[in-house]
Every structure is written in structure tokens, then in C-alpha cells.
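The values are calculated or read from the model by the stated rules, or taken from the named source; none is laboratory data. The model shown is predicted, which means the values in this text are computed figures rather than measured ones. Please note: Cβ atoms are built from the backbone with ideal geometry, for glycine as well, and neighbour counts cover all protein chains shown.
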Amino acid sequence: MKTGLRWTKSLPLASRLFFSHLVVMIVGIISLVIMSKVSSPRFFVLHLERLESERIDLINIRTDLVQGFETAWQRSTLWSVIVGTTAAGGLSYWVSRRIMQRLNEMEQITQKFATGQMNARLPLSDIPELNRLGASFNRMAASLEGVEVRRRELIGDMTHELRTPLTVVRGYLEELADGAIEASPEIYRRLAKETKRLERLVNDLQELSKAEAGYLPINIQPVNLRPLLESLVERFSDQLLEDGPVLYLECPSLLPPVLADIDRTEQVLVNLLGNAVRYTSEGTITVRAWIAASQLWIAVIDTGIGIAAENLPHVFERFWRADQSRARHSGGTGIGLTISRRLIELQAGQIQVESTLGVGSMFRFCLPLA
């Protein structure tokens with residue numbers, strides 16, 4: 001018995017479907033034959049007895065009638081078995097072929113995925129269950145393709161960004177080794193600056209990869225952001241020069257609690273304030289908070305160099321800079337705003353930007369009220 005089960009399990013799915021249908025059909029036919037063989041002659045004999053009770057003389061032909069009935073029954077049963085077996089077998093084969101065709105297509109698609117063809121998709125099916133499975137497979141394929149595209153873009157961007165500080169460091173080290181320049185505290189400070197930039201870039205890349213993959217831990221809870229805003233304004237005010245911009249806080253004395261992660265919100269505000277300080281040499285930097293449509297809005301407004309209108313759609317793209325040289329000299333990595341947007345989205349908010357070249361910029365984001 002166990003040997004027979006192992007043999008059945010080793011068969012392809014199409015063969016198992018066919019044999020299962022065939023077994024059901026055979027059991028049905030055997031049941032039909034047995035029941036008919038037992039009951040049909042008896043019912044026919046009872047019918048003859050009823051006719052005789054109505055004074056119809058069947059005594060001379062009764063035996064011939066019974067034998068004729070049995071012969072007709074046997075022939076009709078034989079042809080029924082032949083026709084039924086052929087029809088059931090053909091239908092089972094057709095159904096199994098349809099199912100196996102879809103499964104074979106899925107196998108071929110997965111093999112294409114394994115070879116790197118991420119754009120392969122399953123066609124729609126008229127079998128509802130297989131159609132739902134195909135739709136789920138296509139959603140998974142699209143998600144994997146998106147992950148692969150982002151991975152390639154990230155590797156390309158990372159290679160491009162790492163090349164500049166590494167080239168600078170290598171240049172200084174080669175000149176020091178060849179004696180082209182003399183070692184001095186200024187040279188060491190430049191090398192330290194580039195290595196710090198490399199460290200910041202690697203940390204930001206790690207943070208960005210976690211954010212895009214959805215692996216960043218987010219602790220959403222009701223929080224009051226007023227103390228955080230006051231603390232950040234005080235901290236950044238100490239960093240501003242006397243002839244630099246003035247930092248203001250415009251916020252109601254009582255703010256309603258919001259559903260947010262206090263640490264991630266602070267990370268976003270530090271990035272926005274850092275950018276404002278970096279690109280605003282004079283004037284004002286204002287941190288403003290207000291309530292609108294069951295949301296708390298927070299804006300960082302500066303009177304800095306601003307961003308051209310054609311560049312605004314690209315502000316939150318990673319490694320994008322309106323001025324390709326300014327952020328490198330000032331220490332930015334070019335992915336802080338990308339991380340900030342993702343952090344706000346993970347907290348069910350949104351972030352926006354308005355800017356005019358030479359006038360200033362306003363970055364604002366919202367968080368839901370608790």
C-alpha cells in the first residue's frame with residue numbers, strides 16, 4: 001500500500017489529476033452497474049407481474065422478455081461505459097492540461113527571474129483561482145523589479161558620490177608620499193574633513209537603504225513637539241555667527257499632541273534647519289508651527305539663496321543638487337532630504353517645498369493630530 005502511495009506521489013500533477021478523475025469515474029460506473037444489476041431485473045419482473053394481474057397473458061413469452069431485457073440492458077450499459085469513459089477521460093485530460101499550462105508558465109517566469117529578467121509577467125487566466133494567483137505573482141514581480149531598480153540606482157549613485165572624497169584623499173596621500181607637498185596641520189585637516197564626509201555619506205546611505213526598504217523602526221505615539229522646537233531653535237542659534245541670519249520660533253504656546261516618532265521628527269527638523277543655516281548667509285530663519293485640517297504643520301523658512309522653479313521637482317531625489325559643487329564644499333551628502341521625506345511618510349505625513357531663486361525657501365511638513 002505504501003509503495004503504491006509513493007508511486008502516485010512521484011507522478012506529475014497532470015497525471016495525478018487525470019488518474020483522480022478516472023478513479024472517480026470508475027467508482028461511479030461500478031456503483032451504477034452493481035445497483036442496476038441487482039435492482040433492474042427485479043423491477044422488470046414486478047412490472048410483468050402487474051401486467052399479468054391485469055389479465056394480460058404473458059406466460060408464454062415471459063422468459064423471452066426477461067432475457068431480451070437483460071441483453072438490451074447489458075448492451076446499453078457497455079456502450080454507456082465506453083462513451084462515458086471516453087468523454088470523462090478527454091475532459092480530465094483537457095482540464096489537467098489547462099491547469100498545467102498555467103503552472104508551467106509560472107515556472108518559466110520564475111526561471112526568467114532567476115536569470116535577471118525582472119520585467120517578465122504572467123498573462124491573465126480565465127480560471128478565477130489561477131487568475132488571482134497570477135495577479136499576486138505579478139504584484140510580487142513588480143515589487144521585486146522596483147527593489148532591483150532602486151538597488152542599481154543606489155549603487156550607481158553611491159559609487160559616484162564616494163569617488164570624489166576618495167580621489168581627494170588619494171591625491172593628498174600620493175603627493176605626501178612623493179614629497180610634492182610637505183606635511184602640515186592644514187593638510188591633515190583637509191584629510192580629516194574628507195574622511196568625515198565619507199563617514200557621513202556611509203551613515204546616510206545606510207539610513208536611506210533602511211528607509212526605502214521599510215526597515216526603519218518607527219515608534220508612533222502622542223507627543224508634544226513644542227519643547228523639541230524650542231530646544232532646536234536654541235541649539236542652532238548658538239551656531240550662528242553674529243553677522244549671520246537670525247533664528248526665530250513662531251509657535252502657539254500650547255500645541256496639541258500629534259501622532260509621531262519624536263526621534264525621527266527631530267532628525268527631519270535637524271536636517272531642514274541644517275540646510276537653512278548652510279545656505280542662508282544673512283536675513284532670517286523662521287521655524288513656524290500651525291494647525292490646519294486636523295494636522296500640525298511645521299515649516300522652516302529662510303531668506304537664503306533659494307532654488308530655481310525648474311529644480312523644485314527634483315529636490316527630494318537622492319544625491320540631487322541644484323548646484324553640483326556647493327553641497328560638496330559645504331559638507332552635505334545630497335540625501336538628507338530624501339531620508340526626511342521617507343521618515344515623514346512613515347509617520348503618515350507629507351513634506352512640501354516652496355522656493356524662489358535668490359529670495360529664500362520654505363520646507364514644511366505635517367503630522368496627524370493625536
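Below, the figures for the structure above:
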item	result
Enumeration of residues in the range 245-257 that are out of contact with any Gly (no Cβ under 9 Å at 6 or more places or on another chain) and either among the hydrophobic types (A, V, I, L, M, F, W, C) or more than 24 Å from L346 (Cα to Cα) (or both)	L247, Y248, L249, E250, C251, P252, S253, L254, L255
Filter pass, Q101 being under 30 Å from V149 (Cβ atoms) and modelled with pLDDT of 75 or more	no
Residue among L232, L216 that alone is within 37 Å of the chain's Cα centre (by Cα), in contact (Cβ under 8 Å) with a residue 12 or more places away in the chain and part of a helix (DSSP H, G or I)	L232
N224, sole failed condition from (1) surrounded by 17 or more Cβ atoms within 10 Å (Cβ to Cβ); (2) among the polar types (S, T, N, Q); (3) modelled with pLDDT of 90 or more	(1)
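Listed here are the residues, each with its yes/no results for (1) in the same structural domain as R200 (by TED's automatic domain parsing); (2) surrounded by fewer than 12 Cβ atoms within 10 Å (Cβ to Cβ); (3) hydrophobic (A, V, I, L, M, F, W, C).
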| site | (1), (2), (3) |
| --- | --- |
| F113 | no, no, yes |
| M140 | yes, yes, yes |
| G156 | yes, yes, no |
| T164 | yes, no, no |
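Rundown of residues vs (1) in a helix (DSSP H, G or I); (2) surrounded by fewer than 17 Cβ atoms within 10 Å (Cβ to Cβ); (3) at pLDDT below 90, yes/no style:
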position	(1), (2), (3)
P256	no, yes, no
V268	yes, no, no
L272	yes, no, no
S281	no, yes, yes
A289	no, no, no
A322	no, no, yes
